[in-house]
Every structure is written in structure tokens, then in C-alpha cells.
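The values are calculated or read from the model by the stated rules, or taken from the named source; none is laboratory data. Owing to the predicted nature of the structure, the values given are computational and were not obtained by experimental measurement. A quick note on method: Cβ atoms are made from the backbone with ideal geometry, for glycine too, and the neighbour counts reach across all protein chains shown.
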Amino acid sequence: MAGFFDNFKKKVTSAIGFQDSESSEVPQVTDKVDNLISLGVLLWEVAQADEKFLPEEETKIKEVLNVYGHVTKEDMPIVLRAIKEASIERIDLHTFTKDVGQNLAFDIKIGIIENLFRVACIDQDLDHEEHEMIRKISGLLRIEHKDFIDIKIRIKKEFGLDTAGF
């Protein structure tokens, strides 16, 4: 039985032109691409959470995708198109995150939460909606609350933001 992420992946890879012209099959997409698209979707959702999607947030998303996925300048528009497609489709964050997170190692989950905070803090303001979106994703990834708080404080310090009230 195909999961939500498998169905989403087929739809997106088909929509962005990964479909083989001689076959109706979508080629096997590697775990690395799966993880990259998943990370991008979550980053995009956090950036949109406060309804102020800033150019700095998109730049940070590209930077994270480049660092973690080694996405080239040429491939970046394709990857962003896949991520935007998911956003337009209004993915069910709960189902998507649980499906994606079930096979991820703890350190990868921590890295995802760190990068979600980096996108949210890029404008020097961790907005309430962004914070709550990250908290929700963190819970769905089964990150302990203590780890969530530690990550939040560490990333806020990285951006020179006040950590007195956490």
C-alpha cells in the first residue's frame, strides 16, 4: 500500500518532468531526493506560516538545500518547483511529516528542526506562527520537547536573537 509521501512524490516528479517519455512509470527517486524534497517542503511551510514569505527566507531555503542536498544552480529551479507544487496542493502536514519522519534517523530529524528555525529566524524575528509550525513538526517527528527547546535557543543565539524568554 503506497503511503501519502509515495503518492505525493509520484505526483510531483511527474509534474516537474521527471517522468520518462516512453513510459508511464515514474523513475525510482533516490532516498536523497526524497529527503531533499521533504526538507524543502517543511522549510517552505515554515516560511509561509507567518504569511510573510520574504526573499531572505527563499534565499535561506536555497542555501539549506544546496548545503544538504548539493543542489546545483541549474537544478535548483526544478527542486523549488517540486516544493512549490506541494505548497500549492496544501499538503496535510500531519500525514506528510509522520510519513516522512518514520524512517529518518534522530540526527537527521534534529537537523531538520535546526534548519526550520534558521529559515524562521532569517528575518531576525521568530514569529509566533512560525514557532508553532516548527513545534508541531517537531512533535510529529517525535522530537522530545527538551531537544526542541535546546535547538530553538541554539539557533536564536546563532542569529543574535533574545533567548531570555526562550
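Screening Lys84, Lys9 for residues that are more than 24 Å from Phe148 (Cα to Cα), within 15 Å of the chain's Cα centre (by Cα), basic (Lys, Arg) and modelled with pLDDT under 80 leaves exactly one candidate, Lys9. Looking only at residues in the range 110-144 that are assigned to a helix (DSSP H, G or I) and among the polar types (S, T, N, Q), the one that is farthest from Ile61 (Cα to Cα) is Ser138.
Here's the yes/no breakdown for (1) assigned to a loop (DSSP other than H, G, I, E, B); (2) at pLDDT below 85:
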site: Gly17; (1), (2): yes, yes
site: Glu25; (1), (2): yes, yes
site: Leu36; (1), (2): no, yes
site: Gly40; (1), (2): no, no
site: Lys52; (1), (2): yes, no
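Of all residues in the range 122-152, those satisfying the criterion of being out of contact with any Asp or Glu (no Cβ under 9 Å at 6 or more places or on another chain), β-branched (Val, Ile, Thr) and surrounded by 15 or more Cβ atoms within 10 Å (Cβ to Cβ) are Ile134, Ile143.
Here Val79, Val71 are screened, and the one residue that is assigned to a loop (DSSP other than H, G, I, E, B), touching a residue at least 24 places away in the same chain (Cβ under 8 Å) and either in contact with a helix residue (DSSP H, G or I) (Cβ under 7 Å, 6 or more places away or on another chain) or exposed (fewer than 13 other Cβ atoms within 10 Å of the Cβ) (or both) is Val71. The set of residues in the range 35-62 that are without any contact (Cβ under 8 Å) to a residue 40 or more places away in the chain and either under 21 Å from Asp99 (Cα atoms) or surrounded by 15 or more Cβ atoms within 10 Å (Cβ to Cβ) (or both) comprises Gln48, Glu58, Lys62. The set of residues in the range 145-165 being part of a loop (DSSP other than H, G, I, E, B) and either in contact with a Lys or Arg (Cβ under 6 Å, 6 or more places away or on another chain) or within 16 Å of Thr97 (Cβ to Cβ) (or both) consists of Thr163 alone.
Considered as a group, the residues in the range 82-119 that are among the β-branched types (Val, Ile, Thr) and buried (at least 18 other Cβ atoms within 10 Å of the Cβ) include one that is farthest from Ile137 (Cα to Cα), and that residue is Ile83.
The number of residues in the range 82-104 being touching a residue at least 24 places away in the same chain (Cβ under 8 Å) and part of a helix (DSSP H, G or I) comes to 15.
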